[in-house]
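Enquirer: Input: one structure, supplied below.
The values are calculated or read from the model by the stated rules, or taken from the named source; none is laboratory data. Note that the coordinates shown come from a computational prediction; the quantities given were computed from them, not determined experimentally. Ideal geometry is used to build each Cβ from the backbone, glycine not excepted, and the neighbour counts take in all protein chains shown. Accessible surface areas use protein heavy atoms only, side chains included; no ligands, DNA or RNA. Shrake-Rupley method; radii C 1.70, N 1.55, O 1.52, S 1.80 Å.
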Amino acid sequence: MNNLKSLLLSKISKENLINFNIKNIFLIFQPDIIHVQWASHILSFKFLFNIPIDIRPKIIISLRGRLINITPRVDHKTAELYRKTFPIVDGFHAVSSAIGFEALRWGAEENKIRVIYSGLDLAKINTYTKKCWEIGPVAKILSVGRFHWKKGYHLALDGLKMLLDRGRAVHYTIIAPGVPDEVLYQIKDQQLNAFVEIIPGMAQSRVFEKMTEADIFLLPSVEEGIANVVLEAMAIGLPVVSSDCGGMDEVIQNNTTGLLFNTRNIPDMVAQIEKMLDDTVQGREAFAQSARQKVEQQHSLEGFRADFNQFYNSVL
Amino acid sequence: MRIGLVLNTSPSYSETFFQSKISGLKYQGFDVILFAENKASNFDLCQVKSPPKVSSFFGIQFIMLLWKFFQLGLTAPKQSYHFFCLERNSGRSLKETIKNIYLNSHILPEKLDWLHFGFATTALRSEHVAKAIRAKMGVSLRGYDIALYPLKHPECYRLLWHNVDKVHAISNDLLELAYQNGLNSEKPVKKITPAVDVSLYRRETPISTFHSPLKIFTVARLHWKKGLEYTLEALAILKKQGIPFRYTIIGAGEEYERLAFAAYQFGIQDWVSFKGKIPHDQVKSELENADIYLQYSIQEGFCNAVLEAQALGLLCVVSNAEGLSENIIHGRSGWVVPKRQPRLLAEQIKAILEMDEQYLLKIRTAAIERVRNEFNLEKQQQEFIKFYTEE
């Protein structure tokens, strides 16, 4: 009733309605833990911080990508929100060690942060295994992921141009829906039409098939937690060349499970792609095998579930 | 002579191009009427007519459609019928034709000598209006509409190219793009560049030697086409080479987060300031403090901001994107650097810092004189009069 009363007394706005709904859900279900998946949504749970700590549910926040690595760095309001609320949060789930470390800056306590790497359904992927690492006359480079500036496709296209200028025979495929003007213009501007294919989205099984057919997976991102799509490529056996942004170096051990280049550094990106292309067939196969082992050991679905259960129990 | 100008919005005070065009034509005795969907309350340069509203409720829209058709039957029956025939003969469906009659019902009753579309995109769905009302059709090619819009809409200008009588382009490169997009090379064209009010853009403070740290400015919307990420990368190279600077970007836009994060990743976050949008007159006083002005765009129609910077005697470094390489004459009124190559941009800035002061003064003076002589409003107005009067 109090909740309804406060809604009626407050201004009608989307934010107030959301708060009303969240409070209702809280009152009806009385959860032991509230797990906030996106850090900025903590704003909707601010009311919980006024309840005495021994009777309120525990609050857990997931630390993921942009909302931790980018937004608070460039938006003072978000930074202020995190600084106020993070010290009161009971537990943090970090998708990578790097992002956990980043959260310290915004007031998260180190002993409350648990790194839980995402789990991959390897059984689903097992039917798509790359079996041949020989490169044909034109090397096939593949990227998968939505079009967003943080995915760095503009950098990948600059890299492709440099590879072509250096006389490399390469073809680049991007699987992502909703190609923006920026990418289309760059392809035209740099005369890359014949060397780039954009597939506006396909079923996941077809994406996996494409991964078995490609020669290199390229992750040109400027920011990531740990890109799931890289885990998939690694599980399938497609050699990965990735930027060293975010937590990527926790899965790509340079020269073992893949190759890393300095984020935003196009000559370095090109050098690493060339290194992979110039490696022997056995060399690329070795990359694929180490990558597969890494994913099995660090990103199994079973491990992920067990870690989460253990984490929830530890918070209670 | 009566000229109808079609725009999306009535031009704001800072949009010198259309403001000056309209007042220039009126001064020469032309009658100008503006067709625009949105009209600013303080716009009073000429009469404005707006297209009818479109309702998302079918019933309401149907009644509005009948009412408009009834009105057209009284005010412009011949023109409407002529328009209908032209649309149908061009292969437009009956539904599309009816829609287009409705959308153009504010222009069809007008008696005009010229119907001029301020952007190519404003002519879409109106390609037959000029012919239907027995006016000549003009179109301006300005940047986005010719360099970007056709990327996702190939063939979108087929009917426009077929029907237009004269094309106005703000730069040679944009005209070249129009030819690539299907404009017939035999159609009459005229290049009329943007212009600045040189009486307003006059330096009021004396030129000083380079500040330390160096003051670098750009006026631009925070949009990918302005090439600000490449600019930041070039400035990061300068920092690595031990050249201290303060970089100010004047302008707002949707890509603030992208650019602020790029500045952070390049390690120059504390050396870059995003001023946001500030009033036009304040821009001028800010710019007077600049040592170097950068416009390292990826795509650019012509760029008024660079003309304004030159008029203030600033040392300008621009990319070779479309109109920019006509805006600045490399080595004479500034410097043109190939786009998307931050290393070259950094080298150019470094080279300027090592140039002789007398030489730099020559560049500044050449820039001021060139803008005064070639990009002044009076010249632009005369060119527009010729556009409509010359065969």
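Enquirer: Compute the separation of the alpha-carbon centres of the stretch A:150-224 and the stretch B:292-336 and state it in Å as a whole number.
Expert: 31
Enquirer: Can you list the aspartates and glutamates whose alpha carbon is less than 15 Å from that of B:Lys95, not counting same-chain residues fewer than 8 positions off?
Expert: Cross-link targets: B:Glu87.
Enquirer: What total accessible area, in Å², is buried where chains A and B meet, using a 1.4 Å probe and rounding to the nearest 100?
Expert: Accessible area lost upon association: around 2300 Å².
Enquirer: Under 20 °C and 1.002 mPa s, how fast does the stretch A:75-152 diffuse according to Stokes-Einstein, given a Kirkwood radius computed over C-alpha pairs? Answer in µm²/s, whole number.
Expert: Rounded, D is 129 µm²/s.
Enquirer: Counting chymotrypsin sites (Phe, Trp or Tyr not before Pro) as exposed when in a DSSP loop with at most 13 other beta carbons within 10 Å, what is the longest stretch of chain B free of them?
Expert: The answer is B:58-391.
Enquirer: In units of 2.2 N^0.38 Å, what is the alpha-carbon radius of gyration of the stretch B:153-212?
Expert: My calculation over the Cα atoms of the stretch B:153-212 gives 1.85.
Enquirer: May I pose another question? Looking at A:Val196, A:Gly159, A:Ala98, which one has the Cα that reaches farthest to the positive end of the dipole of chain A (charges on Cβ: Lys, Arg +1; Asp, Glu -1)?
Expert: Final value for the positive-end residue is A:Ala98.
Enquirer: Now a separate question. From the C-alpha coordinates alone, can you work out the Kirkwood hydrodynamic radius of the stretch B:48-120, in Å?
Expert: 13.2
Enquirer: Mind running the shape call on the stretch B:1-100? Use the C-alpha gyration tensor, a ≥ b ≥ c as the square roots of the eigenvalues: rounded below 1.5 for a/c, prolate if a/b tops b/c, oblate otherwise.
Expert: Note, shape of the stretch B:1-100 comes out prolate.
Enquirer: Work out the length of the dipole vector of chain B about its Cα centre, built from +1 on the beta-carbon of each Lys and Arg and -1 on the beta-carbon of each Asp and Glu, and round it to the nearest 20 debye.
Expert: Roughly 960 debye, rounded to the nearest 20.
Enquirer: For the protein assembly as shown, count the residues as N, evaluate 2.2 N^0.38 Å, and divide the Cα radius of gyration by that value, please.
Expert: Normalised by 2.2 N^0.38 Å, the Cα Rg of the protein assembly as shown equals 1.12.
Enquirer: Can you list the GluC sites (Glu not before Pro) in the stretch A:89-150 that are in a DSSP coil and have 13 or fewer other beta carbons within 10 angstrom?
Expert: Qualifying residues, ordered by number: A:Glu134.
Enquirer: Same structure, new question: Could you work out the relative contact order of chain A? I mean the mean sequence separation of Cα pairs under 8 Å and 6+ apart, divided by the number of residues, in percent.
Expert: Once normalised by length, the contact order is 17 percent.
Enquirer: In a GNM of chain A with a 10 Å cut-off on Cα contacts, which of A:Ser205, A:Ser242, A:Ser143 has the highest mean-square fluctuation?
Expert: Most flexible of the set in this elastic network: A:Ser205.
Enquirer: If I stretch the segment between B:His162 and B:Thr205 completely, what's the gain in nm (0.36 nm per residue apart, minus their alpha carbon distance), one decimal?
Expert: 10.3 nm
Enquirer: Measuring from centroid to centroid over Cα atoms, what is the spacing of the stretch B:258-279 and the stretch B:63-125 in Å?
Expert: Going from one Cα centre to the other spans 48 Å.
Enquirer: Based on the Kirkwood radius over alpha-carbon pairs, what is the Stokes-Einstein translational diffusion coefficient of the stretch B:316-391 at 4 °C with 1.567 mPa s viscosity, in µm²/s?
Expert: In µm²/s, the coefficient is 92.
Enquirer: Which one of B:Thr75, B:Thr193, B:Thr121 has the biggest mean-square fluctuation once chain B is modelled by GNM with Cα springs under 10 Å?
Expert: Checking each option, the largest mean-square fluctuation is seen for B:Thr75.
Enquirer: Okay, next question. Taking +1 at the Cβ of each Lys and Arg and -1 at the Cβ of each Asp and Glu, which of B:Ala290, B:Leu259, B:Thr97 sits farthest along the dipole of chain B towards its positive end, judged by Cα position relative to the Cα centre?
Expert: Result: B:Thr97.
Enquirer: Separate question: Give the carbon-plus-sulfur fraction of the accessible surface of the protein assembly as shown in %, rounded to a whole number; probe 1.4 Å, heavy atoms of protein chains only.
Expert: Its accessible area is 53 percent carbon and sulfur atoms.
Enquirer: Obtain the nm distance between the two label points defined at B:Ser50 and A:Val138 by a simple spin-label model: each point lies 7 Å from its Cα along the Cα-to-C-beta direction.
Expert: 5.2
Enquirer: Under 14 Å from the Cα of A:Lys58, which aspartates and glutamates turn up, not counting those fewer than eight places away in the same chain?
Expert: List returned: A:Asp32, A:Asp90.
Enquirer: Are there trypsin sites (Lys or Arg not before Pro) in the stretch A:105-134 that DSSP puts in a loop and that have at most 10 other Cβ atoms within 10 Å, and which ones?
Expert: A:Lys131
Enquirer: For a quick check of understanding: with a 1.4 angstrom probe and all protein chains in place, what accessible area in square angstrom does A:Ser118 have, to the nearest ten?
Expert: The value for A:Ser118 is about 30 Å².
Enquirer: From the C-alpha coordinates alone, can you work out the Kirkwood hydrodynamic radius of the stretch B:289-350, in Å?
Expert: Computed over the stretch B:289-350, the radius equals 11.3 Å.
Enquirer: Next up: What nm value, rounded to one decimal, do you get for the distance between A:Ile199 and B:Leu360 when each label is placed 7 Å out toward the C-beta?
Expert: 5.4
Enquirer: Sticking with this structure for a sec: Taking the Cβ-Cβ separation of A:Asn50 and B:Ser273 as r and a Förster radius of 41 Å, what is the calculated FRET efficiency to the nearest 0.05?
Expert: 0.60
Enquirer: Roll a 1.4 Å probe over the protein heavy atoms and report the accessible area of A:Ile34 in Å², nearest 10.
Expert: Its accessible surface works out to 20 Å², give or take rounding.
Enquirer: Using a cut-off of 18 Å between alpha-carbon atoms, which lysines can reach B:Lys226, once sequence neighbours fewer than 8 places away in the same chain are excluded?
Expert: Hits, sequence-local ones excluded: A:Lys150, A:Lys188, B:Lys275, B:Lys277, B:Lys339.
Enquirer: Project the alpha carbons of chain B onto their principal axes and report the range along each, largest first, in whole Å.
Expert: 73, 43, 40
Enquirer: Oh, and also: At a 1.4 Å probe radius, which order do B:Thr365, B:Thr218 fall into by accessible area, largest first?
Expert: The ordering from most to least exposed comes out as B:Thr365, B:Thr218.
Enquirer: For B:Cys316, which sequence-distant residues (separation of 5 or more, or a different chain) have an amide H within less than 5 Å of its own amide H, given hydrogens modelled in the peptide plane?
Expert: B:Tyr293, B:Trp335
Enquirer: If you don't mind, there's one more thing I want to ask. In Å², what does the accessible area per residue of the protein assembly as shown work out to with a 1.4 Å probe?
Expert: Counting only protein heavy atoms, the per-residue value for the protein assembly as shown is 45 Å².
Enquirer: A further question on this structure: If the limit is 24 Å between Cα atoms, which of B:Lys49/B:Lys136; B:Lys350/B:Lys379; B:Lys215/B:Lys239 go over it?
Expert: Listed pairs above 24 Å: B:Lys350/B:Lys379.
Enquirer: In 5 Å bins starting at zero, report the fraction of Cα pairs in the stretch B:85-191 per bin as a rounded %.
Expert: The calculated distribution, bin by bin, is 2, 13, 24, 25, 18, 13, 5, 1.
Enquirer: Still on this structure, please answer the following. Let me know the charge dipole size of chain A about its Cα centre in debye, to the nearest 20, where only the beta-carbon of Lys, Arg (+1) and Asp, Glu (-1) is charged.
Expert: Approximately 1080 debye in magnitude.
Enquirer: Now for a separate question. Sorting A:Asp158, B:Asp356 by accessible area (1.4 Å probe), largest first, what list results?
Expert: Correct descending sequence by accessible area is B:Asp356, A:Asp158.
Enquirer: Take every residue in peptide A:256-265, count the Cβ atoms of other chains within 10 Å of its Cβ, and give the average of those counts.
Expert: Averaged over the peptide's residues, the number is 1.
Enquirer: Can you tell which of A:Ile28, A:Ile88, A:Ile236 shows the greatest fluctuation in a Gaussian network model of chain A with Cα springs below 10 Å?
Expert: Among A:Ile28, A:Ile88, A:Ile236, the largest GNM mean-square fluctuation belongs to A:Ile28.
Enquirer: Next question. Could you state the number of Å between the C-alpha centres of the stretch B:2-36 and the stretch A:240-305?
Expert: 59
Enquirer: Then there's this: In terms of the ratio Rg/(2.2 N^0.38 Å) built on C-alpha atoms, what value belongs to the stretch B:249-391?
Expert: Against the empirical 2.2 N^0.38 Å value, I get 1.15 for the stretch B:249-391.
Enquirer: For chain A, place one equal point scatterer on every Cα, skip the solvent, and apply the Debye formula. What is log10 of I(q)/I(0) at q = 0.09, 0.11, 0.15 Å⁻¹?
Expert: Taken in order of the listed q values, log10 I(q)/I(0) reads -0.55, -0.77, -1.17.
Enquirer: Of B:Leu259, A:Leu316, which has the most accessible area with a 1.4 Å probe, and how do the rest follow in descending order?
Expert: Ranked from most to least accessible, the order is A:Leu316, B:Leu259.
Enquirer: While we're looking at this one, here's another question. In Å and from the alpha-carbon atoms only, list the Rg and Dmax of the stretch A:21-64.
Expert: 10.2, 29
Enquirer: Would you calculate, for chain A, the mean residue ellipticity at 222 nm contributed by helices, counting each DSSP H stretch of 4 or more residues as -39,500 (n - 2.57) and dividing by all residues, to the nearest 500?
Expert: Only helices count here, giving -13500 deg cm²/dmol.
Enquirer: Still on this structure, I have one more. What does the convex hull of the Cα atoms come to per residue for the stretch B:23-67, in Å³?
Expert: Dividing the Cα hull volume of the stretch B:23-67 by its residues yields 86 Å³.
Enquirer: Also: Any idea how far apart B:His106 and A:Asp189 come out in nm if each label point goes 7 Å out from Cα toward Cβ?
Expert: Distance between label points: 3.4 nm.
Enquirer: Still on this structure, please answer the following. Considering amide H positions built from the backbone, and no H for Pro or chain starts, which residues 5 or more places from A:Ser242, or on another chain, come under 5 Å of its amide H?
Expert: Amide H to amide H, under 5 Å and 5 or more residues apart or across chains, A:Ser242 pairs with A:Leu219, A:Leu259, A:Leu260, A:Phe261.
Enquirer: Over chain B, what is the relative contact order in percent, taking alpha-carbon pairs closer than 8 angstrom and at least six residues apart?
Expert: It comes to 14 percent, rounded to a whole number.
Enquirer: With an 8 Å cut-off on Cα pairs and a minimum separation of 6 or more residues, tell me the relative contact order of the stretch A:169-316 in percent.
Expert: Worked out over the stretch A:169-316, it gives 18 percent.
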